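Reading through the structure tokens given below for one structure.
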There are 2 protein chains.
Amino acid sequence: MQKNVVIIGGEGKLARLFNRELSKLGMSVFSLDKNDWHKADELFAQADAVIVAVPIHLTLDVIARCHQLPVECILADLTSIKSSPLRAMLDIHSGPVLGLHPMFGPDVSDFSHQTIAVCDGREPDKTLWFKQLLKNTGAELYTISASEHDESMTFIQALRHFSTFAYGVHLQQEQADLSSLIKLSSPIYRLELAMVGRLFAQDPELYADIIFSSKSNISMIKRYHQRLGELISLLENKDKAGFINQFSDVGDWFGDDAQRFLKESSAMLDSTQKS
Amino acid sequence: MQKNVVIIGGEGKLARLFNRELSKLGMSVFSLDKNDWHKADELFAQADAVIVAVPIHLTLDVIARCHQLPVECILADLTSIKSSPLRAMLDIHSGPVLGLHPMFGPDVSDFSHQTIAVCDGREPDKTLWFKQLLKNTGAELYTISASEHDESMTFIQALRHFSTFAYGVHLQQEQADLSSLIKLSSPIYRLELAMVGRLFAQDPELYADIIFSSKSNISMIKRYHQRLGELISLLENKDKAGFINQFSDVGDWFGDDAQRFLKESSAMLDSTQKS
């Protein structure tokens, strides 16, 4: 079942990864990058699937250019938010539509044991061949609604990155002595610090895109800020018992996962120290 | 050079670890736990070193009971803050005084390659034998002033733990769907989540003690809260360029450490996934 797949933004890292994985399985994969739009009509006419794989802030504009796809052609995207790209794809294309979010970075060696979140848009039956293709690469598909996906991403990406960003800004503005912090960090604290520092070795634009991508991100971050302020009043009131109560409540809420996370992260530290 | 070492709070986990390590090197180690104070005078009279190894909120009270040590005896503590215990030890004892902070938890198998922060209090020459003993266990000693140590700890422990605590409270109060968060987390996000969750598998009292231990912790946390609020205004003003500028500034401040942290944490993730 050799098929033609067009990847828009095909020269990006993630796009090239998809190109490689799908080519391995015998697909004809065509790259359509920003200087190739003169070839678009020709490529689209033969396409069985068109995948939008451009930076998040360009996604909606690029989707708008995907009219005139064959009616059986799948239109899909790889953006890390799903509701608005899915809506845009459904508006522009009358055939099968699929939202995808690979839960991994472009540096993985292949797709095996990697998760791809899948949001069905339209005509899921006609996307089955493509989903099977992704499974054949070794990827695990996790089907979820776009709204549930985006709500989770607000926590996982926007809030987490923003609070890490703020923590880094704080360290800098307090003129923390980084070398002393490193020397005084036990392995677990060193890992905490590494998780902050690693953010700043990466592309600011990418993180700006993620954090600025939706209003609900900003509302969520504001609610976090407000809660932090409320919790600080525990400190100001020397309310240790209140702190302990809240702590235990959250522990109950995490349930068995807290212990599992403790074991998992401790095992990770152990294995690193032994290597 | 067999010596008598008394460990107050000797039945605690960390105390027992010190007992084991020092006994291995031929020291006579005596445990003085809360029900043993009737033996204190006798043990103190023979002691070459007395180590206070009790929970942080009991440290100052216990130090106050360490009068009448032999004048050559070292008085040391293992508390995770150093200025106030050091001051109290210098007040109560006229001989050699040493502040120690083991940069590891009680679950390490031994002291090799573990760091112990050392703050000299009085008569450092007379503490050399004890420092050598610690080195003989395989530990690495990192000498630092009490005030510098405590300032670093405010970042490393109090602020970090408090913001993680607040993050957990936030997840709970937003009724985040934890199972969906886990499924949608790529390895690096899963680790971030594990770092939050693991906190709540641990003793609330211990973290309350650390966070409530000093006024400067609370001031620092309040400054962090304020900065977070200022940074949120970047989001409200849709000031992506401002965000990117701040991000780059912090990246410059982290310097080569940012890249190093990125590599280190990525290698850690890789090794875990392969195992």
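Each reported figure results from applying straightforward, stated rules to the coordinates on display, with no laboratory input. Keep in mind that what you see is a predicted model, and the values were worked out from it rather than measured. As a convention, Cβ positions derive from the backbone with ideal geometry for all residues, glycine included, and neighbour counts pool all protein chains shown.
Would you mind checking the pairs B:13/B:126; A:215/B:183; A:13/B:240; A:13/A:131 and listing those with alpha carbons more than 26 angstrom apart?
On the way: B:13/B:126 28 Å; A:215/B:183 24 Å; A:13/B:240 23 Å; A:13/A:131 21 Å.
From B:13/B:126; A:215/B:183; A:13/B:240; A:13/A:131, over 26 Å: B:13/B:126.
Which aspartates and glutamates, if any, have their Cα less than 15 Å from the Cα of residue B:135, not counting same-chain residues under 8 positions apart?
Cross-link targets: B:21, B:110.
Please give every one of the aspartates and glutamates within straight-line cross-link reach of residue A:34, meaning a C-alpha to C-alpha distance under 17 Å, and leave out same-chain neighbours fewer than 8 residues apart.
A:11, A:42, A:61, A:77
Compute the whole-percent fraction of alpha carbon pairs in the range B:148-238 spaced more than 23 Å apart.
Numbers: 1516 of 4095 pairs.
The answer is 37 percent, as a whole percent.
Please compute P(r) over all alpha-carbon pairs of the protein assembly as shown, binned at 20 Å starting from zero, and give each bin as a whole-number percent.
With a bin width of 20 Å, the distribution comes to 20, 45, 25, 9, 1.
If I take all pairs of Cα atoms in the range B:4-144, what percentage of them are more than 17 Å from each other?
Working: 5370 of 9870 pairs.
Pairs farther apart than 17 Å: 54 percent.
For the pair residue A:142 and residue B:107, how long in nm is the line joining their label points, each one 7 Å along Cα→Cβ?
Between residue A:142 and residue B:107, the label points sit 2.4 nm apart.
Any chance you could run the full-extension gain for residue B:227 through residue B:72? It's 0.36 nm times the residue separation minus the Cα-Cα distance, nm to one decimal. Display every interim value, and only then the final one.
Values: separation 155, 0.36 × 155 = 55.80 nm, distance 4.90 nm.
Extending this stretch completely gives an extra 50.9 nm.
Fully extended, how many nm does the chain gain between residue A:65 and residue A:24 (0.36 nm per residue separation, minus their Cα-Cα distance)? Show your work: numbers first, answer last.
Working: separation 41, 0.36 × 41 = 14.76 nm, distance 2.83 nm.
Answer, rounded to one decimal: 11.9 nm.
Scan chain A and note any complete DSSP helix (H) whose C-alpha atoms cover at least 24 Å along its axis and whose Kyte-Doolittle average is -0.5 or more.
On the way: long enough: A:215-236 (32 Å, -0.34); A:256-274 (27 Å, -1.08).
Passing helices, by number: A:215-236.
Hey, which of these cross-link pairs are over 30 Å Cα-Cα: A:222/B:82; A:3/A:82; A:238/B:263?
Values: A:222/B:82 36 Å; A:3/A:82 25 Å; A:238/B:263 40 Å.
With Cα atoms farther than 30 Å apart: A:222/B:82; A:238/B:263.
Test of understanding: extend the Cα→C-beta vector of residue A:252 to 7 Å, then name every residue of the range B:188-217 with backbone N under 18 Å from that spot.
It comes to B:200-205, nothing else.
Can you give the local net charge around residue A:75? Use residues other than it whose beta-carbon is closer than 15 angstrom to its beta-carbon, Lys and Arg +1, Asp and Glu -1. List each step's numbers first, then the result.
Working: positive: A:3, A:65, A:82, A:87, A:122, A:126, A:131; negative: A:48, A:61, A:72, A:77, A:91, A:120, A:123.
For residues surrounding residue A:75, the net value is 0.
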